[in-house]
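The block underneath contains the structure these notes are about, expressed in structure tokens.
The values are calculated or read from the model by the stated rules, or taken from the named source; none is laboratory data. Since we're looking at a predicted model, the values are computed, not measured. Because the Cβ atoms are built from the backbone with ideal geometry, glycine has one as well, and the counts that use them run over all protein chains shown.
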Amino acid sequence: MFFTGSKKQPDAPLVEKPWPGITHHDTPTVEKYLRRSGAKGGGSRSLFKMAMNKFSKPFRALGKTRRKEVEDTQFHELKWKNDHGNLRVFSANCEKIVQTRRPQPVPCPPCSTVLSSKAFKKTLNKPPKASKNAIYTNKRYQNRVIGEIYARTIGLQAIIEEPNAKNTPYVRYAQGALEGKYDNQVFNGLVEAMVTKIDREERGVGMQNFKYALAYDEFCNVLRISSPAAYRAFQEQLPGNFR
Ligand SMILES: [Zn+2]
């Protein structure tokens with residue numbers, strides 16, 4: 001008697017592992033969801049429904065204390081909780097440990113229930129807000145504390161903490177310049193030179209070897225040739241390649 005089929009591999013041993021959460025391994029859109037939403041989780045009733053149910057008033061009509069109460073109730077009702085730092089989601093009732101024979105374990109039963117729930121699928125498939133509308137994101141869904149920590153680490157603390165920063169001409173210019181709205185190369189060259197000059201002064205070095213933007217350099221040159229007096233006044237206030 002001949003056996004032509006391949007020999008059955010013995011099963012890998014069943015091991016206990018901490019469940020790593022619902023990640024892109026389980027559903028490819030989970031990362032997109034976590035990147036677009038700062039919510040702590042989901043699956044609870046809406047604030048409106050809960051406020052109507054408990055206080056017979058819409059959430060917006062409630063005072064601070066009652067709002068807080070509704071928000072706390074909503075938090076405890078979350079069916080799933082988001083871990084933005086690690087781009088994963090856990091059921092609020094997660095069993096935390098799974099028995100598995102495979103490197104990528106299957107979700108624990110409560111996480112599996114979340115994964116197949118209508119509410120979770122609907123949330124994952126929501127289209128992202130256009131970035132210009134992102135500023136209207138409800139404050140409850142902005143992870144403000146994390147945002148502030150991040151801003152400090154990348155040196156944007158002043159912009160975040162200044163209450164009206166986005167309306168100052170400085171921030172508006174920075175935003176506009178990054179969006180390519182300022183195509184005046186002389187002005188952009190001046191800003192670049194000014195920022196570099198202050199930066200170098202703080203470090204105790206001069207403007208040696210700084211390469212001025214061509215358009216700005218030419219503008220300085222024209223000024224120098226056409227009006228030496230005006231040029232001197234200019235030179236006292238602004239940086240330039242003064243030959
Ligand atoms: Zn779980």
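Structure data summary
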item: Failed criterion for CYS108 (all others in (1) within 14 Å of the ligand (Cβ to nearest atom); (2) surrounded by fewer than 18 Cβ atoms within 10 Å (Cβ to Cβ) hold); result: (2)
item: The stretch 33-75, residues that are within 25 Å of the chain's Cα centre (by Cα), surrounded by 14 or more Cβ atoms within 10 Å (Cβ to Cβ) and polar (S, T, N, Q); result: SER37, SER44, GLN74
item: Matching residues, the stretch 111-128, being within 14 Å of the ligand (Cβ to nearest atom), among the polar types (S, T, N, Q) and more than 23 Å from PRO13 (Cβ to Cβ); result: THR113, SER116, SER117
item: Enumeration of residues in the stretch 25-43 that are within 16 Å of the ligand (Cβ to nearest atom) and assigned to a loop (DSSP other than H, G, I, E, B); result: HIS25, ASP26, THR27, GLY43
item: Test: residue in the stretch 76-87 that is within 16 Å of the ligand (Cβ to nearest atom), at pLDDT 90 or above and over 25 Å from the mean Cα position of the chain (by Cα); result: no
item: LEU62 more than 22 Å from LYS122 (Cβ to Cβ), touching a Phe, Trp or Tyr at 6+ places or on another chain (Cβ under 7 Å) and more than 16 Å from the ligand (Cβ to nearest atom); result: yes
item: Checklist (1) within 30 Å of ALA12 (Cβ to Cβ); (2) surrounded by fewer than 18 Cβ atoms within 10 Å (Cβ to Cβ) applied to ARG88, failing item; result: (2)
item: Of all residues in the stretch 8-33 being at pLDDT below 90 and touching a Lys or Arg at 6+ places or on another chain (Cβ under 9 Å), the one that is nearest to CYS111 (Cα to Cα); result: LEU14
